[in-house]
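These notes are about the structure you will find just below.
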Amino acid sequence: MGRMGVDPAVLSAGSMPANSPLTGETVASLKEDSAEEATAAVGRAVEAFKAWRTVPAPRRGELVRLLGEELRAHKEDLGLLISIEAGKITSEGLGEVQEMIDICDFAVGLSRQLYGLTIATERPGHRMMETWHPAGVVGVITAFNFPVAVWSWNAALAFVSGDSVVWKPSEKSPLTAIAVQALYERARAKFGADAPDGLLEMVQGGREVGEALVDDPRVPVLSATGSTRMGRQVGPRVAERFGRSILELGGNNAAIVSSSADLDLTLRGVAFAAMGTAGQRCTTLRRLIVHESVYDALVPRLISAYASVSVGVSTEEGTLVGPLIDKDAFDNMQAALESAKAEGGTVHGGERVNVGGYENAYYAQPAIVEMPSQCGPVLEETFAPILYVMRYSTLEEAIAMQNGVAAGLSSSIFTNSLSEAETFTSAIGSDCGIANVNIGPSGAEIGGAFGGEKETGGGREAGSDAWKAYMRRATNTINYSGALPLAQGVKFDVE
Ligand code: UN1
């Protein structure tokens, strides 16, 4: 953290614990902010916005370019800190920083492409066009599992759009946020005085701090990542004050394995998507819907891959699965496995693994559960490495199963049939915001619009035209004719 520019005093400045799931130990005691402090941070961000919106967008892009440079220079340091704080294996920690770098590059280009349309007007001697303006303060509430990448998908777009940002990281991942803020400050120092104080505010703490952002009418855009339960609370509260919410919620994601699938490719795709990040991605593969004709050729191989996967300290070479974030996560996993058994499921794996004798760390062998049907815990998202496996006989049935749960974010089909692949990605196929062919549901690139969850309408962060959510649209009509033509055919003469 020192190398990234963090003052070491910050690490013992208060009583909010920062823990590492690698050992289960508390590694720092941080200052916690109150709801009042969060409100004050919004006030500073409002002032910053007033200045930042006047800086030309390509110049704003330069700040994001410099941030990308800092991230490149400290990729190893930040990746390691992600491993320590979120428990990701080394390659996944580095992968998360790479996503940040990628979105910075994307946003720099975007800073020269915030286009509006010119629209044919019905009035003679007029011109009509739309202009995109910055929206204001963007509140960003992030989760522990992508502690810094999700912030960057929001912040990089917000900054080039001309917005200021108030960030509330998860209480489970405060350290990576502190490091990123320090890197941002370095970029800002290189950029110069036209990036005002208050352009990036960070508030650390629990629910009250998040609620202060959710309820503040000076925050027109609120982006929150977390469970669908959290989204159901945040969405209506932001809507009540006519704010706009960008919700990145959970996913009870499925993959269909058809009779024509390449099973070697499927095995590798499924293993990464289901066990990667110890099942703690919103895109994690949680349900595998396998055609009855290939079930016996695939599932036993998967079960042995599950049994042999190396669970251990994330930063050690050869580890593929690191720890769960905490005891609650482990308890939830065990409860789901118990209820699967009660529904007639056969559980393989899932037990606690003793790693290094760390009593307060929770490592678990990933679990694969053969289920007689899609019922009980299969319908819920459990944030842990559990893969439920079920059989199907017709594609129609498989698609109905894939679509038959509430939390749908990402989905995929493994098939070599063009017809099946196209059906799955068509209007009558997957109902999720992400629908993939011959690649698992996780590991989405930043170039596409990410997230959402099907109940909220699909992707709205990162790439594609997601930037529009961080700006407001104005339609301008300019009369250059010197006359006032009839509007809607209505004559309204005054002398
Ligand atoms: C999340 O788990 O919150 O597609 C996001 C992926 C990553 C993002 C996951 N790019 O797995």
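The values are calculated or read from the model by the stated rules, or taken from the named source; none is laboratory data. Bear in mind that the values here come from a model prediction, so they are computed numbers and not experimental data. With ideal geometry, Cβ positions are generated from the backbone for all residues, glycine too; neighbour counts draw on all protein chains shown.
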Original post:
Just wondering, is there one or more residues in the stretch 242-251 that are of a type in the set (S, T, N, Q) and either more than 12 Å from the ligand (Cβ to nearest atom) or over 15 Å from Gly451 (Cβ atoms) (or both)?
Top reply: yes
**OP:** For the stretch 126-244, please list each of the strands (runs of 3 or more DSSP E) lying entirely inside it that holds at least 2 residues being charged (D, E, K, R).
**Re:** 126-134
**OP:** Mind listing whichever residues of the stretch 354-386 are under 24 Å from Phe144 (Cβ atoms), assigned to a strand (DSSP E or B) and of a type outside the set (Val, Ile, Thr)?
**Re:** Tyr362, Tyr363, Ala364, Ala367
**OP:** Could you tell me whether the stretch 259-267 includes any residue that is in a loop (DSSP other than H, G, I, E, B), over 14 Å from the mean Cα position of the chain (by Cα) and within 16 Å of the ligand (Cβ to nearest atom)?
**Re:** no
Subject >> Given (1) farther than 27 Å from Ala444 by Cα; (2) within 16 Å of the ligand (Cβ to nearest atom); (3) not hydroxyl-bearing (Ser, Thr, Tyr), number of the condition Pro169 does not satisfy >> reply: (1)
Original post:
Which of (1) crowded, with 24+ Cβ neighbours inside 10 Å; (2) out of contact with any helix residue (DSSP H, G or I) (no Cβ under 6 Å at 6 or more places or on another chain) is the odd one out, the single condition Pro300 does not satisfy?
Top reply: (1)
**OP:** Go through (1) under 22 Å from Phe383 (Cα atoms); (2) of a type outside the set (Val, Ile, Thr); (3) surrounded by fewer than 21 Cβ atoms within 10 Å (Cβ to Cβ); (4) within 13 Å of the ligand (Cβ to nearest atom) one by one and return the number of the condition Leu94 breaks.
**Re:** (4)
Original post:
Taking the stretch 44-91 on its own, how many of its residues are of a type in the set (Val, Ile, Thr) and crowded, with 23+ Cβ neighbours inside 10 Å?
Top reply: 3
**OP:** Please go through the stretch 1-32 and pick out each residue that is hydroxyl-bearing (Ser, Thr, Tyr) and either in contact with a Leu (Cβ under 8 Å, 6 or more places away or on another chain) or in contact (Cβ under 8 Å) with a residue 12 or more places away in the chain (or both).
**Re:** Ser12, Ser15, Ser20, Thr23, Ser29
Original post:
Restricting attention to the stretch 456-495, which residues are modelled with pLDDT under 95 and of a type in the set (Phe, Trp, Tyr)?
Top reply: Phe492
Subject >> Options Ala305, Ala274, Ala297; residue that is touching a Pro at 6+ places or on another chain (Cβ under 8 Å), not assigned by TED's automatic domain parsing to the domain that holds Gly24 and not in a strand (DSSP E or B) >> reply: Ala274
**OP:** From (1) at pLDDT 95 or above; (2) polar (S, T, N, Q); (3) farther than 28 Å from Gly376 by Cβ, pick out the condition that doesn't hold for Gln402.
**Re:** (3)
